[in-house]
Each structure stands twice: as C-alpha cells, then as structure tokens.
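The values are calculated or read from the model by the stated rules, or taken from the named source; none is laboratory data. Worth saying up front: this structure is predicted, and the values here are computed from it rather than measured. For neighbour counting, all protein chains shown are included, and Cβ atoms are generated from backbone atoms with ideal geometry for every residue, glycine included. Just so you know, the surface numbers come from the protein's heavy atoms only, side chains and all, with ligands and any DNA or RNA stripped out. Shrake-Rupley method; radii C 1.70, N 1.55, O 1.52, S 1.80 Å.
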Amino acid sequence: MSEPVFDLTYIWAGIIAFGVIMYVLMDGFDLGQGILFMFAPSDHDRDIMMNSVAPVWDGNETWLVLGGAGLLAAFPLVYSIFLPALYIGVFLLLAGLIFRGVAFEFRFKAHSSRYLWNWSFAIGSTVAAFAQGAVVGAYIQGFETENMRYVGGALDWLTPFTVLTGIGLVAGYALLGATWLIMKSEGSTQEWAYKLVKPLLAAVLVIFFAISIGTPFVDAFVADRWFDGISAIWLLPILGLASAFWIYRSVSQRREGTPFIATMALFVFTYLGLLASKWPYVVPPNYTLADAASAHESQLFLLIGLLFVIPIVLVYTAWTYWVFRGKVKADQGYH
Amino acid sequence: MELDPLLLSRIQFAFVVSFHAIFPVFTIGLASYIALIYGLAFKTNNPKWERLGAFWTQVFAVVFGMGVVSGIVMSFQFGTNWSNFSLATANFLGPVLSYEVVTAFFLEAAFLGVLLFGRGKVPNGVHFFAALMVSIGTFISSFWILSANSWMQTPAGVEIRDGIYHVVDWSTAIFNESFWYRFAHMGMASFLTGGFVVAGVSAWFLIQKRDTELHRKALSMTLWLLLFLTPLQVFIGDLHGLNTLEHQPTKVAAMEGNWDTRKGAPLLLFAIPDQEQQTNHFEVGIPKLASFILTHDWDGELPGVKEKPPELQPNVPIVFWSFRVMVAMGLLMVLVSVIGLFLRRNRAYMHKRWYLQTLRLMTLSPFIAVLSGWFVTEVGRAPYLVYGQMTHAEGVTPSLTGGMALFTLIGYFLVYACVFAAGAYYLTRVIRTGTEGTEQHEDDKHRAKRPLSAAEASFD
Ligand code: HDD
Ligand code: HEM
Ligand code: HEM
C-alpha cells in the first residue's frame, strides 16, 4: 500500500464534531420540551409544546444515527470502546428515545390513555438527556483500556461527576427547550416559558461552574491544558459567560428569538471548550484521533457519498424549519 | 448458574434483529405496492385507486415508524455487544452500514413527507413519483444491509492485517458471492409479504362486505401477482441453496439433517436431530431426493455435518426445523395462489368464505417464513460471525458480563413488548377504520411531516 496523498482523519473529525453539535442543538430543544413537559400548567400548553417540535424531531434524531454509523466508519475505536463502556447508559438512552418517540406518535391519537403518553414523553426525554450528559462526563473522566479494548466495569461511568454532568445537560436542554418555546408560542404559554429561563440559566451556570471546577480534578491532562500558561482557550469560557449574559438581557427585554440563539451560542462555546480540553484525545486517556481512525480507503469511500448527501439534508432541514416557522397553536398539527 | 454473556448476547441480538426484521420486509413490499396503486391512480385518474392508496399509506406510516424506532437500536448493537467484531470489521462494515443510514436519511428527508402528506396538495404525477422514490429507497437501504450480511456469510475483497480487516477491492467485497442470491430472495420475500398482507386484508373487507368493489379489484390484482411470484421465490430459494452448498457446505448439511457425508442422500420430511449423539431419530424421508435437488444427480455426494468437529458445528435441530418451516410456508403460498387461479371462474375467489378465511390466515405466513429463513441463515453460520474467519466468541465484547447482558436483554424485551403492543393495537384500528375513512382533511398542511401522523384512526 502506498501512503495516502492526504489525511482524511481531520476532515472526518470535523464531520463527526459537526454532527454531534447539530444533534445536541437540535434534539436538545425537543428533548427540552419533554423535560419541562409535566411542569407545564395545563394540557393546552403541553399540546403547544409538542406541536412546536412535532414536524422536526425525528429529523433531529437522525443526526444521532448518522453519528453512530459515522463513528463506526471513521473512528471504529471510539465506537468499540465507548459503547461497551457505556453499555447500561446506552440502553437507557435508547429506551428513553423509543418511549418518547412513540409518545409523539400516539399521544395525539389517544384520549383516555393520554396521561400515559404524557409520562412516557416526559420520562423518556429526561432519561435520554441525562444519559447523554453522563456520556460527556464519562468522556472527560476517560476509559480504562488495554490493547484497544475496554477493560473496566459495567458501572465505571456512573460516578458523582457523571451524575453532575448528566443533571447539567438535563438543565441545559431544559433551557434550550424553554427559549425555543418562547420563540414558538404566545400568550400564557410564552409567559410561563419566560418565567422558566432565569432559574434554569442560574441552575445551568452553577452546574457548569461545578463541572469546570471538577474537571481538572478528575483529569490531570485537562488541568495542564488550562493552567499551563495563559492560552487562547480561555476565550471560550469568557464567550460562554457573555452568552449567558446575553440570554439574561434578551429575556429581560422580552425578546422572542434572541434568547434561543443566545442559548445555542452558550452550548457551542461550552462544546468547543470541551473539545479544546481534550484535543487530540478521542478515547482519553490513551488514544488520539489518529489512533482511532479507520483505514484511509474506508474513510474516502464513505466521504464521497456524504459529500453529496449532507448538503441536500441541510437544505431540506432548513426548508422544513422554514415551512413550519412562526407561532404554533394547540389545535394545529394533530387531531 | 453462571450467566454466559456470549449466549445472552446472541439471544439479545437475535431478538432485537428479528423484531426489527418484520418491519422492513413489510415496508419494502408495501412501498412497492403503494407505488403501483398511485401509478394506476395517475394513469386512470380513477379516484378509487386514490382511496386505496391513501388507506395503505396509513398502514405504511405506522409500520415504517416502528421500523425506524427498532432500527436505531440495531445500529448500536454491534458496538455494545460485539465490540471486537466491530473493531475488526469496521473498515468494511462501517461505510456500508453508514450508507444504509444515509440512504434512509435521504429518502426520509426528501420523499416520505410528500408521499404521506402531499395528497391533494401536489399533482398526482408528483405524488406517484414520491411513492416510487420511497420504494426505490427501501430497496437501496436493503441493498446495503444485505451486502453487509452477505459479506459476513461469504467474506471477500478484504485482507486481514494485525487482526483488522482492510478492504482491498470494494466491488468484490460489496457484491460478494452470496449477495445477489440473498438480495433476490429477500426482495422477493418482501414482495410476498406485501402481497399476502394486502390479500389477507382485502379478504377481510370482503368478508365484512365493506367497500367490496374496491377490495375485489385489489384482491384480484394481488392474486395474479402472487401466482407468478410464489413459484419464482421457490426457484430463487433453490438457487440460493445451491450457492450455499458451494460456500457453506456445513450449513446445507444441517439444513438437510445429513450427519455423514454420503451419496444418494434422502430428503428428510421428518426427523429429530440429536446434536449430542450426532445422529437423527425417527427419520422419515424420500430416498435420494436431497442429492438430486442439490446436485442434480440421484447419487450425488452430499457433505455431512460431521466433517466439522462438534465445536465448529451449527445447532442442527434449529437449522433443520427452521428450514422446513420456511419451505413449508413457501409451498403453502404456491398452493394458495394456484387455488386462487382455479377460483377465477365467476369470481368464486371473492364468494367462497373458506378461501377468504384462508387468505386471512395466510397473512402470517410471510412473516413466519422470513424469520425462519433468517434463522437458517444465521444459526447455520454459527459458530462464525465472519464465516470461517471469526467466531462469535472472538467477536463478543470482552468487558461484557452476564449480568449486564441479561439486564439489557430483559430491558429490550420489555420496551419492545410495550411498543409492539401499542403499534399492533393501533394498526388494527387503522385497518378497521378502513378505506371509507381516508377522506382528505382540510387543515392538513399544518400537519407534522412524520410517519404516524399520516394515520387518521383514533388510538383509543
Ligand atoms: C432487508 C432489509 C433490512 C434489513 C435486513 C435490516 N434493515 Fe434496517 N431498515 C430497513 C431495511 C433493513 C428499511 C426498510 O430501510 C428501514 C425500515 C423502516 C425504515 O425506516 O427503514 C430500516 C430502518 C433502519 C434504521 C432507521 C433508519 C432511520 O433513522 O430512518 C436503522 C438505524 C437500521 N435500519 C439499521 C439496521 C441494522 C443495523 C440492521 C441489521 C443488523 C438492519 N437495519 C436490518
Ligand atoms: C433483518 C433480518 C435478520 C434476522 C431476522 C437475523 C436473525 C439473526 C439470528 C436469529 C441470529 C442468531 C444466530 C445465533 O446466535 O445462532 C443472528 C445473528 C447475527 N446476525 Fe443476523 N439477522 C438478520 C440480519 C442481519 C444483518 C443484516 C446483519 C449484519 C449486517 C446481521 C448480523 C448478525 C450478527 C453480527 C449476528 C451474531 C450475533 C448472534 O449470533 O446472535 N444480521 N441474526
Ligand atoms: C420452498 C421454497 C424456498 C427455498 C428452497 C428456500 C431456500 C432458502 C435457503 C437455502 C436459505 C438459506 C441461504 C443461506 O443461508 O445461505 C434461505 C434463506 C431465507 N429465506 Fe428462503 N427458501 C424458500 C422459501 C422462502 C419464502 C417463501 C420466504 C419468505 C417469504 C423465504 C425467506 C427467506 C429469508 C428471509 C431468508 C434469509 C435471508 C437469506 O439468506 O436470503 N424463503 N432460503
């Protein structure tokens, strides 16, 4: 075999990183509806919440499937270590997603059994969000590996630290969900959503702060990265804080679209901060991107197809959001 | 008792994939049928076809939704339970499985919405086109997934370096030796599934005397189709078997219940294979027929299971009986379709209650055949994951414990039981609502572009 002319590994890292943040932002606000669901004042509000994400949620979830399959294709080592290490968590995630998925399908068709689907949606969404947050925590903690295999125990991923990141993501998704709802609703529902933002923002900041304090303790590598001399990455948390302030201000000014955009910004900067902490490790503490990559020809083979499909999917996604733009009403959508 | 993570993983994989498998065959077959109906609607401009198409599109929406939900689980199973296997085969299976997802993604994004919600809003021609694209999409999807599976049966186009497979020739790997047979057999199985479901449901409407003119037409058309497709499937199945004999002789030996390599092997109609004693009890068979079918020579030599040592043998009773169940279903399908031909005179097929009742029962037959067919294929491959190269034991996740595997096995079982019960229950509601309930709703344009919301029936 001759050496490849150029290395696709970093292109693939970019694609996967892009897929993950797409998933987090997009499924985040619809999982957020589920997390807030049972706290809504009335069933009328719940109708609006569900309708506001009904046309788009399954498209949002497809990013997850694409991420899973893409990992297997481009970074098989990540796939074959994360999934065994997070075995129970992955099951909870999938079970949660299934229950909330079918709740979407059946709630509007149900009458006397509607409360069951309400709970199915709420619990499923919360469990799925928590599991995803715990995955992030487990990633920061790192995995016990030997000879390219996971050798830790079934519940190694479940520590006080990952519980904290799990709760953090639940709160974060709830915040995304609330700001989304401000944009998509009006009247009493919107009023309720406005009230949620500041407490949720406070909760998110406190938890994110605790996580930031905790991270260097669970992982020395991260501590070095951040405290070994002043570096440009300190810009990221500063931008994150600025976004938090932006959320606060725009809600005080009762803007409708800005809080959601500001929350997305908060997520993006936090995410970049996380990536920067670990770069270039994908399976901390032992394996880097290059170690985890699949063969060049396999990366190339799939890349060709994706280059055609991803732009089309993006255009279509944008188009769907455009078609369903504007305020949502309770009686729209389903019967 | 010590819980064996390997055995539990095998059971779990078999369970989740079998659960998933019943939906794709249904959606693939139905998608083609719907495309056919909308094609007729487009050509004849007869609103009847529109109505029929709308009815089956609702059924399609429900089944498709369940296929998606169960499919998401599948794409993580390889990593959770078979991580060594995933790591070793990722260079080939990764891109191939990703292409499946990408295809599904693309298809769902672009055409499903139009098919499900576009009626009355887009011209008939566009609607027909969307239906056609959806059905082509389901075939592309199965193309990739079956290529992946066939490669595991008859690996090709790869070389192993340091325990990792590397693809040296993509087209040899994708179009491996068993691929076309499996693709044809599975495609046909999907058509038969669609066909027998449509026939069964139409028969039920005829028994109920609802919308009879429409369902008679549907039934008549479907019976013609089945008359040609059922024998064709038997023929393809035979070719598939001959190909398997070439590449996986032990599997064929297990299908035939043939322990010792011998000339003029009988076709066993009944036997109780005994793995421990490496023999059969209570054999009833037709002399020399198996040799004739597989070698086209009455005295041809058939390989025996014992050519492999016991630890490299598949479970013979399961393979043997699954194969018989599949073939029995196949022959039964031929029989029922041929009887339909004899009942053509005076349209007797729509008046004879016993025939309509038979058709109703036959709705189950393709599902039984498909699952038992997969059991033959997959159990017969044991103990290998990649045939002849990597065993189940080598592929399983090393860190997996019996307790973890048991926990998720029970978990998936419970989750699927809930989902399946709700789905099946709702599906019967949709069918009961019938073609009369498919009138267009005014405010459709605000509806979500998602599968189930295309269905009208109330849940409870
Ligand atoms: C012969 C056909 C066939 C077979 C053997 C399989 N599938 Fe499948 N799959 C389909 C045919 C299909 C389909 C027709 O394309 C589905 C059914 C409903 C749907 O939405 O697409 C689908 C859906 C589907 C989805 C959901 C895609 C989405 O989000 O829309 C995933 C992730 C998988 N499958 C993955 C798998 C895996 C990992 C399998 C095997 C181990 C598997 N499928 C077997
Ligand atoms: C959709 C239809 C399918 C059905 C019903 C099915 C059924 C089964 C069954 C019953 C087993 C258990 C065999 C045993 O343990 O003795 C099995 C094993 C397996 N199949 Fe399939 N299969 C299907 C498709 C596929 C496809 C498309 C792939 C791969 C791309 C695949 C990959 C595997 C793997 C990795 C195993 C090993 C795990 C195990 O033995 O349980 N299967 N399958
Ligand atoms: C009497 C006729 C039939 C014969 C001789 C036949 C033959 C076979 C053989 C030999 C295999 C195993 C191939 C292998 O593992 O390499 C197989 C698998 C299979 N059969 Fe059949 N079959 C028949 C009827 C049917 C029918 C009616 C259906 C469904 C409607 C069906 C569905 C399947 C499926 C889904 C598989 C597994 C996938 C595959 O390997 O193709 N078969 N069949």
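Say whether the condition of being surrounded by fewer than 23 Cβ atoms within 10 Å (Cβ to Cβ), in a helix (DSSP H, G or I) and within 11 Å of chain A (Cβ to nearest Cβ) is met by at least one residue in segment B:160-170. There is at least one residue in segment B:160-170 that is surrounded by fewer than 23 Cβ atoms within 10 Å (Cβ to Cβ), in a helix (DSSP H, G or I) and within 11 Å of chain A (Cβ to nearest Cβ). Considering only residues in segment A:34-82 that are among the aromatic types (Phe, Trp, Tyr) and within 13 Å of chain B (Cβ to nearest Cβ), the one that is nearest to the chain's Cα centre (by Cα) turns out to be A:Trp63. The residues in segment B:18-60 that are more than 16 Å from ligand 3 (Cβ to nearest atom) and farther than 17 Å from B:Gly71 by Cα can be counted, and the count is 27. Out of all the residues in segment A:271-293, is one or more touching a Leu at 6+ places or on another chain (Cβ under 7 Å) and acidic (Asp, Glu)? Yes; the residues of segment A:271-293 include at least one that is touching a Leu at 6+ places or on another chain (Cβ under 7 Å) and acidic (Asp, Glu).
Quick check on B:Phe191: is it within 16 Å of ligand 3 (Cβ to nearest atom), in contact (Cβ under 8 Å) with a residue 12 or more places away in the chain and either open to solvent by 10 Å² or more (accessible area, probe 1.4 Å) or more than 14 Å from chain A (Cβ to nearest Cβ) (or both)? Yes; evaluated as a whole, the condition is true for this residue. Count of segment A:106-148 residues, restricted to those that are open to solvent by 20 Å² or more (accessible area, probe 1.4 Å) and of a type in the set (D, E, K, R), is 3. Tell me which residues, restricted to segment A:290-306, are open to solvent by 60 Å² or more (accessible area, probe 1.4 Å) and either in contact with a strand residue (DSSP E or B) (Cβ under 6 Å, 6 or more places away or on another chain) or within 11 Å of chain B (Cβ to nearest Cβ) (or both). A:Leu300, A:Ile304, listed by residue number.
If you go through segment B:117-134 and keep only what is within 23 Å of the chain's Cα centre (by Cα) and surrounded by fewer than 22 Cβ atoms within 10 Å (Cβ to Cβ), you end up with B:Leu132, B:Met133. Taking B:Thr244, is it assigned by the TED database to the domain that holds B:Ile431 and assigned to a helix (DSSP H, G or I)? Judged against the criteria, B:Thr244 is not a match. When B:Ser75, B:Ser150, B:Ser141 are checked against the criterion of being hydroxyl-bearing (Ser, Thr, Tyr), open to solvent by less than 40 Å² (accessible area, probe 1.4 Å) and more than 9 Å from ligand 1 (Cβ to nearest atom), a single residue qualifies: B:Ser150.
Quick check on B:Leu112: is it within 30 Å of A:Thr320 (Cα to Cα) and aliphatic (A, V, I, L, M)?
Yes.
With respect to the conditions (1) at pLDDT 90 or above; (2) near ligand 1 (Cβ under 10 Å from one of its atoms); (3) under 27 Å from A:Val78 (Cβ atoms), B:Phe92 lacks only one, and its number is (2).
When B:Val114 is tested against (1) buried (at least 21 other Cβ atoms within 10 Å of the Cβ); (2) modelled with pLDDT under 90; (3) touching a strand residue (DSSP E or B) at 6+ places or on another chain (Cβ under 7 Å), only condition (1) is not met. Scoring A:Tyr248 on the criteria (1) within 14 Å of another protein chain (Cβ to nearest Cβ); (2) touching a helix residue (DSSP H, G or I) at 6+ places or on another chain (Cβ under 7 Å) leaves a single failure, condition (1). Residues of segment B:5-23 being within 13 Å of chain A (Cβ to nearest Cβ) and more than 8 Å from ligand 2 (Cβ to nearest atom), which ones? If the condition is that a residue be within 13 Å of chain A (Cβ to nearest Cβ) and more than 8 Å from ligand 2 (Cβ to nearest atom), then B:Pro5, B:Leu8, B:Val16, B:Phe19 are the ones that fit.
The set of residues in segment B:78-101 that are facing chain A (nearest Cβ under 7 Å), under 18 Å from B:Trp170 (Cα atoms) and away from ligand 2 (no atom under 11 Å from the Cβ) comprises B:Ala90, B:Asn91, B:Gly94, B:Pro95, B:Ser98, B:Tyr99.
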